[in-house]
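These notes concern the structure reproduced below.
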Amino acid sequence: MSNIIGLIFISVGLAFDFFGCLGLVRLPDVYNRLQAATKSVTLGTCSILFGTFLVVGFTAAGMKSLLSIIFLLLTSPVAAHAIARGAHRAGIKLWKGSIIDRYAEDKEGET
Amino acid sequence: MTNSNGAKILRRFIGAILLIGVIILILIRPFPFLFYPDLPYIGFLGRAIYIIFLACTLVLYRVWRGPTGADRLVAVDALGILIVGFCAILTISTGRSWYIDIGIAWALQSFISTLALSKYLQGKGFDE
């Protein structure tokens, strides 16, 4: 029974991965692509790892997959924030349909 | 690269050829050394591996044709996260538990290289 639930988790994660990569190809801007590539792919991979834990059980590989979930959930937002900050400071323009840029307003107050 | 009509048609043709090739890979499932064929649900896991190959093909398209460096950096970050899920599926489908160790090491290395390259992207060097 836990095998079947694990395989359901793996298929949901595969769907999130595939649509995240499709958004990475189709969206028009760096900052829009960052939404699809980081959030969706991270959630999909965490779902695949949790399904692996349910299939394998409480063995060494299962506990390592839980450790990988915690590590990915901690480090992926940090990497996305660093990429967005670096891209904005490098002077990459926003898409022409974007309507607001809070970071440029905040950066005027910095030194 | 010229942006004429012929070049656009050629790019779409190459993309269609790649997508059809990966879909054929999902259907016929070559490379039998990736599987441990006594499992009852090995058909699902074999197709799952090639769905991840399809996602990696889309990511490599963005690495190939990113207009700026930040697009390529985003794509490489997403590729590093995808490989971790690939190693997790290989852990089940081959029955060898050291594939998840490769996944953990790849996640660590991908995180550190993403931080270093985004620091490089600002154009101010590594010591700010």
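Scan region A:68-106 residue by residue and report those that are touching a residue at least 12 places away in the same chain (Cβ under 8 Å) and more than 8 Å from chain B (Cβ to nearest Cβ).
Within region A:68-106, A:I69, A:L73, A:P77, A:A84, A:H88, A:L94, A:W95, A:G97, A:S98, A:Y103, A:A104 meet the criteria.
Among the residues of region B:52-82 satisfying the criterion of being within 7 Å of another protein chain (Cβ to nearest Cβ) and surrounded by fewer than 20 Cβ atoms within 10 Å (Cβ to Cβ), which is nearest to A:A37 (Cα to Cα)?
B:Y61
I'm trying to understand the selection: among the residues of region B:97-128, which are within 9 Å of chain A (Cβ to nearest Cβ) and farther than 23 Å from A:L34 by Cα?
Hits for region B:97-128 are B:S97, B:W98, B:Y99, B:I100, B:D101.
Would you check if B:G85 is surrounded by 22 or more Cβ atoms within 10 Å (Cβ to Cβ) and at the interface with chain A (Cβ under 9 Å from one of its Cβ atoms)?
yes
Filter region B:37-46 down to residues that are part of a helix (DSSP H, G or I) and either of a type in the set (D, E) or within 9 Å of chain A (Cβ to nearest Cβ) (or both) and give me whichever is surrounded by the most Cβ atoms within 10 Å (Cβ to Cβ).
Result: B:L45.
Considering only residues that are polar (S, T, N, Q) and assigned to a helix (DSSP H, G or I), look in region B:103-123 and name the one that is modelled with the lowest pLDDT.
B:S118
Check region B:65-75 and report whether any residue there is farther than 29 Å from A:I92 by Cβ and at pLDDT below 85.
There is no residue in region B:65-75 that is farther than 29 Å from A:I92 by Cβ and at pLDDT below 85.
Report, by residue number, each residue of region A:21-43 that is more than 15 Å from B:L73 (Cβ to Cβ) and at the interface with another protein chain (Cβ under 7 Å from one of its Cβ atoms).
Scanning region A:21-43 gives A:C21, A:L22, A:V25, A:T42.
Hey, does region A:38-56 have a residue that's more than 21 Å from the chain's Cα centre (by Cα) and exposed (fewer than 13 other Cβ atoms within 10 Å of the Cβ)?
no
Show me the helices (runs of 4 or more DSSP H) entirely contained within chain A in which 1 or more residues are closer than 30 Å to B:G15 by Cα and touching a Cys at 6+ places or on another chain (Cβ under 8 Å).
The helices (runs of 4 or more DSSP H) meeting that bar are A:2-26, A:41-56.
The values are calculated or read from the model by the stated rules, or taken from the named source; none is laboratory data. Being a predicted model, the structure only gives us computed values, none of them experimental. Cβ coordinates were reconstructed from backbone atoms using ideal geometry, including for glycine residues, and neighbour counts include every protein chain displayed.
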